[in-house]
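Heads up: the structure comes next, in structure tokens.
The values are calculated or read from the model by the stated rules, or taken from the named source; none is laboratory data. Computed from a predicted structure; not experimentally measured. Glycine also receives a Cβ, built like all others from the backbone with ideal geometry; neighbour counts cover every protein chain displayed. Accessible surface areas use protein heavy atoms only, side chains included; no ligands, DNA or RNA. Shrake-Rupley method; radii C 1.70, N 1.55, O 1.52, S 1.80 Å.
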Amino acid sequence: MAARTQTRPAAAARPDRRVLLGAAALALVAVAVLLPFLTRDPPPGLTGSNAPWTDEGFNLANARNRVLFGRFHTDDVDRSLTNGAYSGLAALVYAVTGPSIPAGRAISVAAVAAAVLLAGAGLARPLGARGALLAAAALGGCQLLLQYGRLGFTEPLTVALLTGALVLAARAPDQPSWKAGAGAGVLFAVAISVKAIALVAAAATLAVLLGMALLRRDRAGLRMGLAALAGGAVTAGAWLALVALPNLDRLRVGLKIWPAVQYPGNPVALVRRLGAYLTHADQALVLAGPLLLAAASGVVLLAARWRTLTPARRDLLLTGLLWGAGSWGAIAIGDYAPNRYMTPALPGLAVLAGAGLAWLAGRRALVAAALGLAVALPGTIGFATRAAGAGDQLGPARRALTRVLPGDAVVYGSYCPTMLFGTRARCILPWAPAGANVDDPAGRFGVTHVLADERGPVLGPGGLPVVPVRGPPLATVAWGPHTLTLYAAGAQAGRPGTSALLKG
């Protein structure tokens with residue numbers, strides 16, 4: 001295997017200043033679009049999932065615990081073990097700002113801006129300045145990313161980490177570096193710690209990196225790919241030794257919290273499942289529609305110009321195709337596919353979109369600008385319209401609840417982490433399918449209050465409340481489509497050690 005470092009094209013070590021300024025401008029536009037809506041409620045009808053009304057509290061609760069109570073886990077649920085770097089970063093932010101939903105949402109805003117900046121500035125060498133900026137515009141203007149980019153969800157940080165890894169991996173054909181490879185591997189591992197579906201993007205990127213290096217007999221590129229594998233493996237090993245093994249019982253609970261997904265068992269079932277997804281995709285195809293259409297032009301470019309593309313551009317487009325189609329397909333063929341799960345596919349699709357749009361525009365700058373606006377504006381306008389129409393229930397609801405709660409309250413209920421996030425109340429989250437916090441929670445955690453939704457308190461196997469309530473309701477508030485009622489907790493019913501099931 002002969003090294004081919006002598007035939008590599010000369011490449012600038014840093015992107016052109018104009019590209020940096022353009023990428024920074026696009027990132028600032030994304031921030032300017034998102035920030036005005038930081039305190040607004042999630043928009044109604046964003047997804048068929050109940051996640052907008054619960055998951056901000058779920059995702060950020062353990063970081064809140066770390067700042068208020070000194071440790072990530074105060075009960076059976078510790079999602080810092082399954083969203084990894086997200087909880088760690090949120091805990092650092094909360095140490096400065098104090099725990100709040102808007103501060104957690106700001107992490108998502110910063111992640112969207114970082115992803116846009118990385119795409120625009122970091123991919124200019126393989127895609128060309130115009131292609132990279134178009135990729136950044138397509139990514140930053142995708143409504144699917146923007147909708148979750150102002151909420152406290154893990155997906156925006158996953159997108160930023162994956163984009164950073166892609167920028168490093170894209171150096172392989174013309175500027176291979178084992179350090180860049182190791183960095184890409186570390187970023188992929190960290191992204192997987194935040195959202196497990198990032199594994200598909202990592203596998204696609206590493207497959208292209210190693211496979212093309214072998215085909216070209218490129219020793220330097222192969223060393224970079226192996227360094228990426230090593231970087232990911234070392235990071236995963238460190239997490240296993242330092243985090244997973246010392247917290248194995250809570251990790252098992254955390255993994256049980258993940259929704260169970262069923263996949264087709266034969267080709268006929270697979271075709272049917274894909275057909276069902278195309279007719280009901282939880283709005284994902286609409287929210288990412290302009291980006292998907294633009295990405296199709298990149299697929300055409302890859303097929304039509306395969307032999308004439310530079311190695312760097314060809315590898316990047318192939319990576320984008322495997323990444324985008326693989327990530328999207330891995331979710332689409334399952335029986336649980338909320339639209340937010342598709343966001344890790346977006347950086348790969350943006351690469352295809354940027355290259356394809358630049359190809360269509362040729363040397364015509366005005367055409368390129370028009371194409372960029374055509375891809376980015378619909379999503380930006382759609383996001384702003386829905387965000388502006390969202391209400392502000394959370395603030396008044398929290399104030400109504402805190403008026404009747406003592407400062408040392410321990411509140412039991414699925415909506416507690418979101419509704420009482422900005423208070424010092426300790427929240428105990430029931431998660432019956434995982435067996436979490438349903439065995440004598442009053443006795444173990446000293447529950448003082450119950451926050452129930454319209455289904456009522458959590459019930460045990462005998463139909464008795466896991467934490468019974470006493471007296472009349474203390475407060476009733478609206479939250480999205482739900483009506484939440486706060487009660488004082490009564491004496492614990494049932495026997496300790498008996499598992500409970502959610503009513504209904």
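Some notes on this structure:
- Any hit, the range 54-73, residues being of a type in the set (A, V, I, L, M), assigned to a helix (DSSP H, G or I), open to solvent by 20 Å² or more (accessible area, probe 1.4 Å) and within 30 Å of Ile381 (Cβ to Cβ): no
- Among the residues of the range 108-145, the one identified as of a type in the set (Val, Ile, Thr) and surrounded by fewer than 24 Cβ atoms within 10 Å (Cβ to Cβ) is Val109.
- A count restricted to the range 326-338 and to residues that are among the hydroxyl-bearing types (Ser, Thr, Tyr) and open to solvent by 30 Å² or more (accessible area, probe 1.4 Å) stands at 1.
- Only one of Leu301, Leu373, Leu360 that is within 19 Å of Leu134 (Cβ to Cβ), among the hydrophobic types (A, V, I, L, M, F, W, C), at pLDDT 95 or above and open to solvent by less than 50 Å² (accessible area, probe 1.4 Å): Leu301
- You will find that of Ala238, Ala203, the residue that is over 23 Å from Arg313 (Cβ atoms), open to solvent by 10 Å² or more (accessible area, probe 1.4 Å) and in a helix (DSSP H, G or I) is Ala238 and no other.
- Here the range 213-231 is the region considered, the condition is being open to solvent by 20 Å² or more (accessible area, probe 1.4 Å) and assigned to a helix (DSSP H, G or I), and the residue that is farthest from Ala85 (Cα to Cα) is Leu215.
- Where Thr279 falls short, out of the listed (1) farther than 30 Å from Ser414 by Cβ; (2) touching a residue at least 40 places away in the same chain (Cβ under 8 Å); (3) not aliphatic (A, V, I, L, M): (2)
- Of the residues Gly446, Gly471, Gly462, the single one that is surrounded by 12 or more Cβ atoms within 10 Å (Cβ to Cβ) and in contact (Cβ under 8 Å) with a residue 12 or more places away in the chain is Gly446.
- The set of residues in the range 266-305 that are more than 15 Å from Val375 (Cβ to Cβ) and touching a Pro at 6+ places or on another chain (Cβ under 6 Å) comprises Leu270, Arg273, Asp282.
- Filtered residues of the range 376-420 (kept if surrounded by 19 or more Cβ atoms within 10 Å (Cβ to Cβ) and not in a helix (DSSP H, G or I)): Leu405, Ala409, Val410, Val411, Tyr412, Gly413, Ser414, Tyr415, Leu420
- Residues satisfying the stated conditions in the range 84-107, i.e. open to solvent by 10 Å² or more (accessible area, probe 1.4 Å), touching a residue at least 40 places away in the same chain (Cβ under 8 Å) and in a helix (DSSP H, G or I): Ala85, Leu89, Pro102, Ala106, Ile107
- Number of residues in the range 332-362 that are assigned to a loop (DSSP other than H, G, I, E, B) and not hydroxyl-bearing (Ser, Thr, Tyr) equals 6.
- When each of Trp323, Trp306 is tested for being buried (at least 24 other Cβ atoms within 10 Å of the Cβ) and either among the hydrophobic types (A, V, I, L, M, F, W, C) or modelled with pLDDT under 95 (or both), the lone residue that passes is Trp323.
- Among the residues of the range 41-75, those identified as closer than 23 Å to Tyr336 by Cβ and of a type in the set (Asp, Glu) are Asp55, Glu56.
Okay, residues lined up against (1) surrounded by fewer than 24 Cβ atoms within 10 Å (Cβ to Cβ); (2) in contact with a strand residue (DSSP E or B) (Cβ under 8 Å, 6 or more places away or on another chain); (3) closer than 30 Å to Ala425 by Cβ:
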{"site": "Phe153", "(1), (2), (3)": "no, no, yes"}
{"site": "Leu162", "(1), (2), (3)": "no, no, no"}
{"site": "Leu166", "(1), (2), (3)": "no, no, no"}
{"site": "Ala180", "(1), (2), (3)": "yes, no, no"}
{"site": "Val186", "(1), (2), (3)": "yes, no, no"}
